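Values in this text are rule-based calculations from the coordinates and carry no lab data. None of these values were measured; they are calculated from a predicted model. Cβ placement follows ideal geometry from the backbone for every residue including glycine, while neighbour counts extend to all protein chains displayed.
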Amino acid sequence: MAGKKLRIGWFSFTCCEDNTMVWIELMNANYFEWKELLDIRHARVLRRNNVLKSIDVAFVEGAITNERDAKKLISIRKNAKRLVTVGSCAVNGMPAAQRNMFDEKVKKDIEFLLTRFKQADKVRAVKEIVKVDDEVAGCPMQEDVFLNTLDKYLKEFGVMDAR
Amino acid sequence: MHADDSEGAVEGVDHIHMKDLSKIEGHGSLDIKISKGKVDYVKLKITESKRFYTQAIVNKFAISLPLMTSRICGTCSIAHLTCCSEAVEKAMDYTPSDQTLMLRKLSLYGMMIRDHALHLFLFCLPDLFGKDSVLDFDKTQDELIKKAFAIKSSGNNLSKVIAGRAIHATFAEVGKFSHLPSEEEIKRSVDELRTIRPYVLEFIEMFYNCDFKLERDIDFVALVSKDYSYINGEIQDSRGEHIKEDRYWDYLDRIVIPYSEATGYDFEGREYMVGALSRLNLNRDSMNSKTKTDASKYLSVFPSKNIFHNNLAQAIEILHCIDHSLEILETNQFKEEHNDPVIIKEGEGIGVIEAPRGTLYYMLSIDKTGKVKYGNIVVPTQQNQIGMEKSVVQLVEANLGKSKEQIEYEIEKLIRAYDPCMSCASHFLKVNWR
């Protein structure tokens, strides 16, 4: 389908944003091809004016540490036909969720900060809150797995030939 | 360039709230209160949730710690890896070989090229063209974008060749590198760096011609090394203070910022800045001789008080990283060597390096079994946090006749010039210095 683009969003929650870095490094070789194939509707790291609606695929990195972010994640899910988690923090919570494993004394030490910044008692992986369609694991995410996943959706949404 | 007129100015702007600052690393927001033509307060809120690394490192084996702390930051992970390794080695009285130090310099150069290129070309370049995003550039800018990505790619590839990966590198360890680059890989990197070198000079000229200006009368602080290699030397400030690495902490005052997930710092009670601008202000004469020759016009700008010259400084640093990398790669052969094993012992160690955004500081205390008793990490964005707020005050008061939208645009541009990294800044809970 000539001119059709995959409408994507790139979202980041609590993490080191290593997957964002990998994605941006993949642009070194893929930028001009992606410009023809992708409509990047939401990517705070690349632009100020973003649109959170009618997204085909939302790529989500980072773990969910509070209710504000959980609500934001639910809103992303509502506005995206597919949701893909990228990187270890989004896929299984770690290492952003390392405070879940602290002993009681350390948990007590950090309690005042969790209260001050309205943080949840437990850090969660994305799939604990919303339905996830695909996972690109790794710390950071595996480049080839990400590219294969992107190809899959370019075909599924009729942007690239499905053969 | 962005319009600089006051058409559409909103009379009586009294409050600005900027949620989700864009084109920076990590999450931050800003609250500003204005009354009677004066700024009552600026609150820069680092909203990246804490990941409590200072607690998580306790009782972990120090030898494997660098791989863990590199996860504090995606974009400057090699800086954390290197600084943490240095702190562990010092705690265990281990001196790495000259070859290991050379490889560290190269891996840091690869990171600097990639990280500065990310900041300059994807975050700042749209401001020079009056656009929101590099994604909005049209075909007339295709060549420029190709060159920008080629520069970024060369840094990425150099880090891969030397350290295994550009992000969360796998070859760099405490005391050594587990893998050496092949001759073919080195040749490829050399060719690539030579190809993109002229592109870098074009971008330096572009940032040199940029007229963005906000001058601040503050201290500039950096680790000053004889070869501008980011990993050794002594800490200096712009008032002439010379400080040994292990005394750095004595000069820092920790400032709790209750509305921010990160802690701020001042330097002996004074506002200060770390980063490329500070390094150029304090150490431009130590840059590679080829850089000094080809960038002499641009280097004459420094020392500078203009915060936006941090962008120009980063562009010049890319050139230096290329030139020094080429010199190292073309005049050295890397050989398998039998490194002495790192002997586990009890002790305290301090690592100080220059990360892309400024001075990075690790202090570790290790017990006799090789486990971390406690640690302290001070990152550049924490050190610049108070300065960013004060710079925003100055900028807003100078732009009060403009519309809210224009002021917000100017603020984001200024914050971006500091190149903050919110992921780094919110890594920990408190200082465990005992």
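Couplings for the stretch B:337-344, taken from phi via the Karplus curve 6.51 cos²θ - 1.76 cosθ + 1.60 with θ = phi - 60°, read 9, 8, 6, 4, x, 7, 8, 5 Hz in order; Gly and Pro are left as x.
If you take all other residues with their beta carbon under 12 Å from the beta carbon of residue A:8, and give Lys and Arg +1 and Asp and Glu -1, the sum is +3. Over the stretch A:1-145, Cα pairs under 8 Å with separation of 6+ residues give a relative contact order of 28 percent. Spin-label pair residue A:155-residue B:178: with each label point 7 Å from Cα along the Cα-Cβ axis, the two points sit 3.5 nm from one another.
Under a model in which nothing but the beta-carbon of Lys, Arg (+1) and Asp, Glu (-1) is charged, the stretch B:53-425 shows a dipole of about 400 debye around its Cα centre. Spacing of the modelled spin labels on residue A:120 and residue A:48, each 7 Å from Cα toward Cβ, amounts to 3.2 nm.
Averaged over residues, the count of other Cβ atoms within 10 Å places the peptides B:105-117, B:18-30, B:330-342 in the sequence B:105-117, B:18-30, B:330-342, highest first. Residues whose amide H comes within less than 5 Å of that of residue A:6, counting only those at least five positions distant or on another chain, are A:38, A:39 (H built at 1.01 Å from N in the peptide plane). A full extension of the chain between residue B:20 and residue B:367 corresponds to an added length of 120.8 nm, given 0.36 nm per residue minus the alpha carbon distance. The modelled label-to-label distance for the pair residue B:43/residue A:103, using points 7 Å beyond Cα in the direction of Cβ, is 3.6 nm. In this calculation the C-beta distance from residue B:209 to residue B:404 is compared with R0 = 35 Å, giving a FRET efficiency of 0.75.
Distances between placed amide hydrogens fall under 5 Å for residue A:82 paired with A:57, A:58, all partners being 5 or more residues away or on another chain. Per residue, the Cα convex hull of chain B amounts to 127 Å³. The phi torsions of the stretch B:201-215, fed into the Karplus equation with coefficients 6.51, -1.76 and 1.60 and a -60° offset, translate into couplings of 4, 5, 5, 4, 4, 4, 6, 5, 7, 5, 9, 4, 8, 8, 8 Hz, rounded to whole numbers, with Gly and Pro shown as x. Between residue A:143 and residue A:128, residue separation times 0.36 nm minus the direct Cα-Cα distance comes to 2.9 nm.
In order along the stretch B:352-362, phi translates into HN-Hα couplings of 9, 9, 9, 7, x, 8, x, 5, 10, 10, 10 Hz, rounded to whole numbers, per the Karplus curve 6.51 cos²θ - 1.76 cosθ + 1.60 with θ = phi - 60° and x for Gly and Pro.
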